[in-house]
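Only the coordinates and a few stated rules stand behind these numbers; no lab work does. Nothing here was measured: the structure is a model prediction, and the numbers come from that model. No Cβ is skipped: glycine too gets one built from the backbone with ideal geometry, and neighbour counts run over all protein chains shown.
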Ligand code: FES
């Protein structure tokens, strides 16, 4: 299969699922008749693909010259310290992922970063701390309202008489051989950050 088509398939799957999990690659292997080893090697070769879950907020701090000359390296270290993760990692609560990126086109307002594609510029340690705190508190608000909704709906039955939470989407079974090969490939990659 031509590389461009393969990349498109992986892009679409990543956009749909957020990342290319073992299950997603298995399904693609079956539905497009592509060897799982080929899918896996492409997914792990390109930095644009992720085989692990991303945080709700994906931070890309710029590491290109204009930003570096304006303190971006210190700010990248500050972000790592604040989030208690390294570049390329995701926080334990899955709220933040942190990456370095090349120029994001905000050089005249350096140093800059993107959070879920939204630019934040003229950064300082103080402004970064405020941004992170705002995002953390908005998460708390969402989970509080989600919790109260869950409590209200707990025990509610669907029309068919079964609890809504018990309903599960039908899964397309991947063939056994592909399943075990994917398991081995992902096990091998456990120690890597990607
Ligand atoms: S160098 Fe950082 S935005 Fe251009």
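Going through segment 88-105 one residue at a time, which ones are in contact with a helix residue (DSSP H, G or I) (Cβ under 8 Å, 6 or more places away or on another chain) and over 13 Å from residue 72 (Cα atoms)?
Matches in segment 88-105: 91, 95, 96, 98.
In segment 1-105, which helices (runs of 4 or more DSSP H) lie fully inside it and hold 3 or more residues that are away from the ligand (no atom under 16 Å from the Cβ) and surrounded by 15 or more Cβ atoms within 10 Å (Cβ to Cβ)?
The helices (runs of 4 or more DSSP H) meeting that bar are 3-17, 22-32, 36-45, 72-83.
Any idea which residue in segment 110-127 is farthest from residue 62 (Cα to Cα), counting only those that are more than 14 Å from the ligand (Cβ to nearest atom) and more than 19 Å from the chain's Cα centre (by Cα)?
Residue satisfying both the conditions and the ranking: 126.
Only one of 84, 92 is within 14 Å of the chain's Cα centre (by Cα) and free of Cβ contacts under 8 Å to residues at least 24 places away in the same chain. Can you tell me which? If you could, list the steps in order and put the result at the bottom.
Details: 84 fails: within 14 Å of the chain's Cα centre (by Cα).
Just a single option satisfies the conditions, and that option is 92.
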